[in-house]
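Where a number appears in this text, it was derived from the coordinates with a stated rule and is not lab data. The shown structure was predicted, so the numbers you read here are calculated from the model rather than taken from an experiment. Positions of Cβ are generated from backbone atoms using ideal geometry, with glycine treated the same way; all protein chains shown enter the neighbour counts.
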Amino acid sequence: MEPVARIEVDLFSGRPNPALEVHGREAAKLAEMLARDRQRLTKDAAVPPGVGFRGFLVRLGAGPVYRISGDVLTRGDDRFADPQCEVHAFIETLLPLPLKALVGSGKRN
Amino acid sequence: MTTVVTLDVFSGRSNPVAHLTEAQENELNARLTSLKGFTHKRPSGVLGGLGYRGFTISRHNPAFASSGHIRIHESIVDRGVEHPNLIDDTGLESFLLPLFHPHLPQGVIEHAMAKLTAADTFSAMGSKLPCPKCAAADAPAYAPATWNNPAVQPHNNCYNYANDHATNTFAQPGRAHGATAVVMDCAHVEPAAVRDGLLKVANFSRPLGSGQGWYVGLVIWPGADYHWYRQDQTGCWSHKPGSTAARDIDNSGHSIADPATCDRGPYTVFCCYMVTNRKVVIA
């Protein structure tokens, strides 16, 4: 079965967040990146910024939801390090340009 | 790994540069990986200006064919527009400045030291501002546990929270009355909320008796989205950003005395205060 990943951009407060699906090679690469062994972080996560861009929510098939925000990957209560922000950067390459621009403006002061 | 630190301080001359030893790299990495707090604020050094503008750090890791560039200034680790920034509570700038002591005139070091001491840092994170008086008898209690649970939190947004009504529909202004706002600006979202029964008011100081509702505030991220705050019994304001947890702090971690002046990230336009009540119908 062809791998499918649903990516929700956690961006809005009132309107539903934009989301997209990726398939095939891109979904497989995302699955491989998320499956890597990573350093586990302590659980005392800071509250993420309230309004504006908060990260990506990724679900592979019927699997668990991952939150990807910069160099931290969260799955349920578990947090893992991605020091080079590889997953975050890879997901950004998958975004259509208007959405990428919106993510950029969502990080404004 | 090669790590080059630049003290961004000069205007005419080239900025001084230091190459870190392995031990210094390890210390820097340990401090950076220990940072847990995020912020969307950016240090003023990214905009330029004269004098001390922080440190830039360029790193190249041949093993991963990767490189990175960050700026550390005003207790913020700025990772560029692609990533949320980090709050530095480990004194990174004080750690980096001595690397340049042997190579710079004392006056330059003293200038940077003075800026470090006077910097407006994030030490105020989580600080409590005094709450204004709550003039609404019906104002909800701040009880985030009611909202921050798996059955409610993902299905209710800022509009649900402001109206203190969990419909589990991610309610949209105007939808219960036939038309939602199609353009994300005050001129479209305000009337949509009025159709639901909200009432625009000039401020949040007029006393509202029992049955007359409570105050909410509407803000806009131009062209993209809207957001609502509500005033609780405490007098301070709280909000629920999208499907995330309800909270009583703004994007800088401060309590919210007035949604017109708090840190609202990209929701830069404050539209108005409004009054909602238990008879308002949302969907």
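Return a yes/no flag: does the stretch B:234-245 have any residue that is buried (at least 19 other Cβ atoms within 10 Å of the Cβ), within 14 Å of chain A (Cβ to nearest Cβ), free of Cβ contacts under 8 Å to residues at least 60 places away in the same chain and part of a loop (DSSP other than H, G, I, E, B).
Within the stretch B:234-245, none of the residues are buried (at least 19 other Cβ atoms within 10 Å of the Cβ), within 14 Å of chain A (Cβ to nearest Cβ), free of Cβ contacts under 8 Å to residues at least 60 places away in the same chain and part of a loop (DSSP other than H, G, I, E, B).
Which strands (runs of 3 or more DSSP E) does the stretch A:3-109 wholly contain that include 3 or more residues that are crowded, with 17+ Cβ neighbours inside 10 Å?
A:4-10, A:55-60, A:65-69, A:72-75
Identify the residue in the stretch B:253-283 that is within 12 Å of another protein chain (Cβ to nearest Cβ) and hydroxyl-bearing (Ser, Thr, Tyr) and, among all such residues, is farthest from B:Thr169 (Cα to Cα).
B:Thr268
Any idea which of B:Arg230, B:Arg206 is part of a loop (DSSP other than H, G, I, E, B), more than 12 Å from the chain's Cα centre (by Cα) and more than 8 Å from chain A (Cβ to nearest Cβ)?
Exactly one of B:Arg230, B:Arg206 is part of a loop (DSSP other than H, G, I, E, B), more than 12 Å from the chain's Cα centre (by Cα) and more than 8 Å from chain A (Cβ to nearest Cβ), namely B:Arg206.
Identify the single condition in (1) crowded, with 17+ Cβ neighbours inside 10 Å; (2) more than 21 Å from B:Tyr267 (Cβ to Cβ) that B:Ala162 does not satisfy, given that it satisfies every other one.
(2)
Tally time: how many residues in the stretch B:165-191 are small (Gly, Ala, Ser), out of contact with any strand residue (DSSP E or B) (no Cβ under 9 Å at 6 or more places or on another chain) and surrounded by 15 or more Cβ atoms within 10 Å (Cβ to Cβ)?
So the count comes out to 4.
Among all residue pairs at least 6 apart or on different chains, which show Cβ distances below 8 Å where the first residue, located in the stretch A:54-71, is facing chain B (nearest Cβ under 9 Å) and the second is buried (at least 23 other Cβ atoms within 10 Å of the Cβ) and basic (Lys, Arg)?
A:Ser69/A:Arg54
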